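The block underneath contains the structure these notes are about, expressed in structure tokens.
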Amino acid sequence: PSSAAPDRTHTLSRTKASVAWESQVNVAEGPAWELLKFFADRCSNPAEACDDTLLFLESAGTLAVSAQRSGPLPAGDFYAFHFDLYRSDATGMKGSPVGRRTQAPRVAGSRGKETLTVANAASGYYLVRVTGEEGVGFYSGQATLKPARR
């Protein structure tokens, strides 16, 4: 949900400029999926699982966030996801949108990586929200900060 605690929290700084994580996203199928289209915030619906990562940037710089399919890939399986990047606060509350990347449906064996880059990202909190679009699947996420010159 929009106000629930994030699934994980990471700090990016000049001394720790990159973090990675693994997780799973689910999506309802059939009639439940049709209903989800009408929710302004799909993560507020119990049938939908969103995966939230809270990032704290200790300094301004270029922020790159990526997500890529990972984990088991059963034959004939496919799923798609998208991730959104929002400004946030220390509690993980979703703020104003910064950007979105969508991964098209992929067949088993394809791991397509999607990356969103924010030049001149201000220091502070950012929320990465990954939402499944089709099927159930695992993904790996990564965030990297290239600090601005002093």
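The values are calculated or read from the model by the stated rules, or taken from the named source; none is laboratory data. Owing to the predicted nature of the structure, the values given are computational and were not obtained by experimental measurement. Here the Cβ is made from the backbone with ideal geometry for all residues, glycine too, and neighbour counts use every protein chain on show. What goes into the accessible areas is simple: the full protein's heavy atoms, side chains included, and nothing from ligands, DNA or RNA. Shrake-Rupley method; radii C 1.70, N 1.55, O 1.52, S 1.80 Å.
Give me the strands (runs of 3 or more DSSP E) completely within segment 1-101, filtered to those with at least 1 residues that are open to solvent by 70 Å² or more (accessible area, probe 1.4 Å) and either under 13 Å from residue 130 (Cβ atoms) or modelled with pLDDT of 90 or more (or both), ordered by residue number. Walk me through how you get there before you give the answer.
On the way: elements: 8-12, 18-25, 50-57, 61-70, 78-87.
Strands (runs of 3 or more DSSP E) meeting the threshold: 8-12, 18-25, 78-87.
Determine if segment 102-113 includes at least one residue that is at pLDDT below 95, loosely packed, with under 15 Cβ neighbours inside 10 Å and touching a His at 6+ places or on another chain (Cβ under 9 Å). Outline the logic, then answer.
Initial filter on segment 102-113 (at pLDDT below 95): 102-113.
The next check asks that each one be loosely packed, with under 15 Cβ neighbours inside 10 Å; those that pass are 102, 104-105, 107-113.
Going one step further and asking which of them are touching a His at 6+ places or on another chain (Cβ under 9 Å), we end up with 102.
Checked segment 102-113: at least one residue is at pLDDT below 95, loosely packed, with under 15 Cβ neighbours inside 10 Å and touching a His at 6+ places or on another chain (Cβ under 9 Å).
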